[in-house]
Amino acid sequence: MSCSLGQGPAQQPLRQGWLAQAGQWMQRHGAVIRAVQWVVVAVYAFLILVPAVMPLPGDTAHLWNNLTLAAQFVFWGIWWPFVLLSMVLLGRVWCGVLCPEGALTEFASKFGRGKSIPHWMRWGGWPFVAFGLTTIYGQMVSVYQYPKAVLLVLGGSTLGAMVIGFLYGREKRVWCKYLCPVNGVFSLLARLAPFHFKVNEDAWRNSYTHGEHGGKRVIPVNCAPLVPLRNMKGAAACHMCGRCSGHRDAIALTWRSPSEEVVALGDKQASGWDTALILYGLLGIAIGAFHWTASRWFVDLKQSIAGWLIDQNITWPLETNAPWFLLTHYPEQNDVFSWLDGTMIVGYIVVTGLVYGTVLLAILALSTVFVGRFELRRLHHFAQALIPLAGAGVFLGLSATTLSLLRAEHMQTDWAASVRIAILVITNAWSAWLAWRVTGRYSTRLWQRALALAGFCAALAVVDSAWWLMFWGWAH
Ligand code: SF4
């Protein structure tokens, strides 16, 4: 795709490929995008509110005749895994065009107090902490199974988005930029997208003297997620709303290599919190959250501890009197968590996160040494190469819910094992390729790069062990 944005004075006509034109279409049709957002808000509100006040599905309920099961399938079986996939394929189009929380927080911000963003909110650790806490809490209340838990977790997040929007910023998405529990994950995955809104710096400078669109005065753009437009380099923070397309004749939707952002920008862009989110979040806590329901170790350990407690005549941890908003409590479904269950689930997830995260961190640190010297910046850069496999893991874990819902409807899912293997093979190769390219940023010696890559492949094997355990090891 070619695009001559910024080639000399702004009077020159723009030559644009279809991708840049798609960006321009989005810029011109903001009203259509907002209408779509409100339709999504309505569907989302319906799906989280109505099932929460309906009786839980009985034994004869099916996906096609029970709203609760249908909503469960839509949210966890389709919406969530495919939103993650869309980040890699399209960047954060979901955020800018479809996300109901984004639309609501921006709307609330339009009519709110417009206060400045407080210092505490700018803390870089929120994406990791919010993701970790939401993931663990979701497991405590069985968010994948019960509509009241969905209302609490998703509805609570939406309410938070609206309150933050009402208080801070003017027509901005302060919530999305700083506090959204999945902002960090989306930001990581969007770095792999094959296109982004690219800034032509020459054209930008040219607009200082020549204006835009043939000498007209430059019209300011409201970038709701507060991306500093002039210095925008990648797709991580951009919500792909299209509003800035053509701004100063300098911004256009542009193809790029899916490796570009990780390899070329990773050294400056990657932070310690990104590394924490990849290693301890996506490859740690998230794996623990998927593992505990399948893990034989979890069952064995729980039985041993329960036996020991009974021997000691300590019975209160085995009681099931926690309220549903703290621990799963649905006696009519024979699904209640004791205090021991709750503690074990949280402990299992946290320990899994610590073990996987720390082992991976140690391997990556060692691999970094092979390309010269140890430097934190290099370690963070190297960790970015794990994004494809980390994203695939969350997709696979969530799609396990999709498959179990389909199996409950007696649908054939024999193909799933082959698809899983294919996804793992492709994303392992993709991560290894990124790691190889990253090593090239720090060394030209093949033997050094090969040693570092060998270390990185050991990290890939550690991650793969988690999926082997879940889908094959514990399943037989
Ligand atoms: S940089 Fe901001 S205005 Fe431009 S497309 Fe991204 S989110 Fe929209």
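Checked against (1) within 16 Å of the ligand (Cβ to nearest atom); (2) under 21 Å from the mean Cα position of the chain (by Cα); (3) over 19 Å from V83 (Cα atoms); (4) assigned to a loop (DSSP other than H, G, I, E, B), A193 passes all but condition (3). The condition of being open to solvent by 20 Å² or more (accessible area, probe 1.4 Å), not charged (D, E, K, R) and not assigned by TED's automatic domain parsing to the domain that holds F186 holds for only one of G288, G272, G281, that being G272.
When we screen L90, L85 for residues that are within 16 Å of the ligand (Cβ to nearest atom) and surrounded by fewer than 19 Cβ atoms within 10 Å (Cβ to Cβ), the only hit is L90.
Matching residues to (1) touching a Cys at 6+ places or on another chain (Cβ under 9 Å); (2) in a helix (DSSP H, G or I); (3) away from the ligand (no atom under 16 Å from the Cβ):
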| site | (1), (2), (3) |
| --- | --- |
| F75 | no, yes, yes |
| P81 | no, yes, yes |
| V97 | yes, yes, no |
| F128 | no, yes, yes |
| T135 | no, yes, yes |
| Q145 | no, no, yes |
| V153 | no, yes, yes |
| T158 | no, yes, yes |
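Just one of (1) more than 16 Å from the ligand (Cβ to nearest atom); (2) more than 17 Å from the chain's Cα centre (by Cα); (3) outside the structural domain of A466 (by TED's automatic domain parsing) fails for V262. It is (2).
One line per residue, one yes/no per condition, for (1) among the β-branched types (V, I, T); (2) buried (at least 19 other Cβ atoms within 10 Å of the Cβ); (3) at pLDDT 95 or above; (4) in the same structural domain as C99 (by TED's automatic domain parsing):
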residue	(1), (2), (3), (4)
Q24	no, no, yes, yes
H29	no, no, yes, yes
P51	no, yes, no, yes
D59	no, no, no, yes
Q72	no, yes, no, yes
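If you check A435, A422, A400 for being part of a helix (DSSP H, G or I), outside the structural domain of G184 (by TED's automatic domain parsing), closer than 28 Å to F82 by Cα and under 19 Å from the mean Cα position of the chain (by Cα), only one passes: A400. The residues listed here are V199, V227; of these, the one that is under 26 Å from the mean Cα position of the chain (by Cα), open to solvent by 10 Å² or more (accessible area, probe 1.4 Å) and free of Cβ contacts under 8 Å to residues at least 24 places away in the same chain is V227. Against the list (1) closer than 24 Å to L396 by Cα; (2) open to solvent by 20 Å² or more (accessible area, probe 1.4 Å), the condition N65 fails is (1).
Against the list (1) under 27 Å from W433 (Cβ atoms); (2) touching a Leu at 6+ places or on another chain (Cβ under 7 Å); (3) in a loop (DSSP other than H, G, I, E, B), the condition F325 fails is (1). Report yes if S304 is hydroxyl-bearing (S, T, Y) and open to solvent by less than 50 Å² (accessible area, probe 1.4 Å), otherwise no. Considered against the rule, which asks whether it is hydroxyl-bearing (S, T, Y) and open to solvent by less than 50 Å² (accessible area, probe 1.4 Å), S304 comes out as no.
The values are calculated or read from the model by the stated rules, or taken from the named source; none is laboratory data. Treat the numbers as computed from the prediction; the structure is a model and nothing was measured. Note that we place each Cβ from the backbone using ideal geometry, even for glycine, and neighbour counts take in every protein chain shown. Protein only, heavy atoms only, side chains kept; ligands, DNA and RNA dropped before computing areas. Shrake-Rupley method; radii C 1.70, N 1.55, O 1.52, S 1.80 Å.
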